[in-house]
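Written below as structure tokens is the structure these notes are about.
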Amino acid sequence: MAPMSKLEKELETAIFGTFRKCATLKPPYRPLYLQRMMTSTNPKYYKGPVGTVTWLMIGKDRTGVGFNRLVKEGKLEWTIEWLIQDPKWKPLFPEWVIKNAKARIDAAVGPSE
């Protein structure tokens with residue numbers, strides 16, 4: 001595992017913050033698979049924060065259980081898709097990752113006027 005940059009560490013902290021928020025839902029939502037991708041010592045599972053987000057954004061129309069649950073709960077701003085819209089994270093990702101995340105958000109909220 002390569003050492004993380006300062007920005008990657010900040011992203012990791014922000015993602016873990018969203019995980020903590022998700023645990024406060026009733027019933028709690030715990031994205032265990034994503035947590036494992038970010039914390040496992042097994043290289044088979046570990047992807048780190050950037051790899052985890054990139055994996056999550058494959059397929060702009062493919063939303064996961066967590067995204068759908070958070071949208072249903074009215075917590076779109078707790079999604080990883082929402083998080084990475086902050087321009088701060090742009091240097092970490094290829095353009096398609098940000099675009100796929102934006103497409104999912106747009107699909108969830110409907111067309112803007």
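Every read-out reported here was derived from the displayed coordinates using simple, explicitly stated rules and does not represent laboratory data. The structure displayed is predicted, hence computed values, not measured ones. When we count neighbours, we look across all protein chains shown, and the Cβ atoms used for this are built from the backbone with ideal geometry, even at glycine.
Numbers for the structure displayed
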read-out	value
Those residues of region 68-97 which are touching a helix residue (DSSP H, G or I) at 6+ places or on another chain (Cβ under 7 Å) and in a loop (DSSP other than H, G, I, E, B), in sequence order	Thr79, Ile84, Gln85, Phe93
Among residues of region 23-47, those that are in a helix (DSSP H, G or I) and surrounded by 19 or more Cβ atoms within 10 Å (Cβ to Cβ), counted	3
Which listed residue is in contact (Cβ under 8 Å) with a residue 60 or more places away in the chain and either exposed (fewer than 14 other Cβ atoms within 10 Å of the Cβ) or under 11 Å from the mean Cα position of the chain (by Cα) (or both), from Ile15, Ile58	Ile15
Selection count where residues are within 15 Å of Val97 (Cα to Cα), part of a helix (DSSP H, G or I) and of a type in the set (Gly, Ala, Ser), scope region 48-67	1
